[in-house]
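The values are calculated or read from the model by the stated rules, or taken from the named source; none is laboratory data. Predicted, not measured: the structure shown is a model, and the values here were computed from it. With ideal geometry, Cβ positions are generated from the backbone for all residues, glycine too; neighbour counts draw on all protein chains shown.
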Amino acid sequence: MGRVIPNEGATNLKTKELGQVEQVFCFGGVYSNHLALQSMLEMVSPDSQALRLCLGDLGAFGPSPDLVFPLLHEHRVEVLQGNYDDSIGNQKSDCQCGYTDPRDNHFAQLSYDYTLAKTSAGNRSFLQQLPQWARFQCGDFEVLACHGSPRRVNEFLWESNSSDAFLNRLLDQFDCDVLLCTHTGIKWHRALGGRRHVINVGALGRPENDGTQNVWYTSLRPEGSELKVDFVPVEYEAERLAFEMRREGLPDEFIETTLTGWWTTCLEVLPARERSKGIH
């Protein structure tokens with residue numbers, strides 16, 4: 001079938017073709033956590049030929065959003081446009097996060113207003129020009145990378161309510177063997193058989209509601225006819241980030257999540273199975 005182009009969500013609908021790669025280090029949801037980003041990039045720095053790929057949402061939640069951009073440029077990270085990046089780049093009125101709960105939207109707006117005010121004009125221009133999708137070959141696997149889903153930039157693909165049949169239809173519709181996404185903040189991997197995989201790479205900028213301070217990136221590489229997928233924990237100076245967040249006047253609820261690993265916001269969007277793993 002012919003390749004489908006994105007038709008919903010972000011303003012910029014370009015697809016970037018990245019060619020053939022043999023290893024991928026992929027992450028999403030930096031959320032202004034420059035300390036975790038620096039730690040992760042140092043972890044993978046010896047593998048200089050690997051593709052480093054960020055699936056978007058550079059800002060939100062954390063302090064001083066401009067600090068992440070030099071790290072991305074220095075380490076030649078390919079970056080896709082998430083809903084947050086589209087909003088900040090085009091100076092929209094909100095983050096397009098996809099929340100429906102008033103409390104979640106209240107905290108989302110506080111975070112968005114702060115991030116918009118603290119992101120330089122040059123970095124807003126960078127965000128505005130980002131592609132929404134990337135395609136590449138990892139060994140013999142055709143990979144499509146996006147932010148939320150290939151259907152919509154802020155669609156949540158949760159492990160508990162994404163059936164195999166639905167995921168197979170996505171792969172058929174968008175002509176790929178492997179789909180990489182983020183947006184939910186919680187990692188998962190579904191091997192669908194016949195070389196097909198859907199992988200939510202999780203978030204690098206915020207713990208995943210598991211009671212630890214760890215954040216995550218994902219490593220992909222072919223091993224013979226198989227695709228090797230590893231979720232890799234990243235340790236960083238969470239107490240230092242919390243200090244910076246407090247200094248910037250960010251909400252105590254965000255600081256609590258950074259220090260405890262338990263979500264205090266964005267809870268209503270969680271399906272029952274995912275929410276049951278938290279304490280709130």
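So, SER160, is that one among the polar types (S, T, N, Q) and on the phi < 0 side of the Ramachandran plot or not?
On the way: among the polar types (S, T, N, Q): yes; on the phi < 0 side of the Ramachandran plot: yes.
When the stated conditions are applied, SER160 passes them.
Restricted to strands (runs of 3 or more DSSP E) entirely inside the range 182-242, those with at least 1 residues that are on the phi > 0 side of the Ramachandran plot are 188-193.
CYS176 satisfies every condition listed in (1) outside any loop (DSSP other than H, G, I, E, B); (2) among the hydrophobic types (A, V, I, L, M, F, W, C); (3) farther than 26 Å from LYS118 by Cβ; (4) out of contact with any helix residue (DSSP H, G or I) (no Cβ under 8 Å at 6 or more places or on another chain) except (1). Tallying residues that are surrounded by 23 or more Cβ atoms within 10 Å (Cβ to Cβ) and either among the hydrophobic types (A, V, I, L, M, F, W, C) or within 15 Å of ALA134 (Cα to Cα) (or both) within the range 58-78 yields 4.
Residue by residue, here is whether (1) modelled with pLDDT under 95; (2) within 30 Å of GLY19 (Cβ to Cβ); (3) among the acidic types (Asp, Glu); (4) crowded, with 19+ Cβ neighbours inside 10 Å holds:
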residue	(1), (2), (3), (4)
ASN83	no, yes, no, yes
GLN91	no, no, no, no
ASP104	yes, no, yes, no
THR115	no, no, no, yes
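Residues in the range 134-153 include none that are in contact with a helix residue (DSSP H, G or I) (Cβ under 9 Å, 6 or more places away or on another chain) and part of a helix (DSSP H, G or I). Considering (1) surrounded by fewer than 22 Cβ atoms within 10 Å (Cβ to Cβ); (2) under 18 Å from LEU53 (Cα atoms), the lone condition that THR212 does not fulfil carries the number (2). When the range 35-87 is limited to residues that are part of a strand (DSSP E or B) and not basic (Lys, Arg), the one that is nearest to PHE156 (Cα to Cα) turns out to be CYS54.
Give the residue that is surrounded by the fewest Cβ atoms within 10 Å (Cβ to Cβ), with candidates limited to residues of the range 215-265 that are of a type in the set (A, V, I, L, M) and closer than 25 Å to VAL198 by Cα. Don't jump to the end; show me each part of the working.
At the first step, the residues of the range 215-265 found to be of a type in the set (A, V, I, L, M) are 215, 220, 227, 229, 232, 234, 238, 241-242, 245, 250, 255, 259.
Applying the additional criterion that residues be closer than 25 Å to VAL198 by Cα yields 215, 220, 227, 229, 232, 234.
Details: VAL215: 32, LEU220: 26, LEU227: 22, VAL229: 17, VAL232: 15, VAL234: 21.
Only one residue tops the list, namely VAL232.
Of everything in the range 184-199, what is touching a Ser or Thr at 6+ places or on another chain (Cβ under 9 Å) and closer than 18 Å to GLY261 by Cβ? Give them in sequence order. Let's see the steps before the verdict.
Step one: of the range 184-199, the residues touching a Ser or Thr at 6+ places or on another chain (Cβ under 9 Å) are 187-190, 195, 198-199.
Scanning the range 184-199 gives LYS187, TRP188.
Look at the range 162-184: where a residue is within 20 Å of ASP86 (Cβ to Cβ) and a partner is modelled with pLDDT of 95 or more and of a type in the set (Asp, Glu), sitting 6+ places away or on another chain with Cβ atoms under 8 Å, you get THR182/ASP57; HIS183/ASP57; HIS183/GLU155.
Please determine whether any residue of the range 98-110 is in contact with a strand residue (DSSP E or B) (Cβ under 8 Å, 6 or more places away or on another chain), not in a helix (DSSP H, G or I) and not β-branched (Val, Ile, Thr). No - not one qualifying residue is present in the range 98-110.
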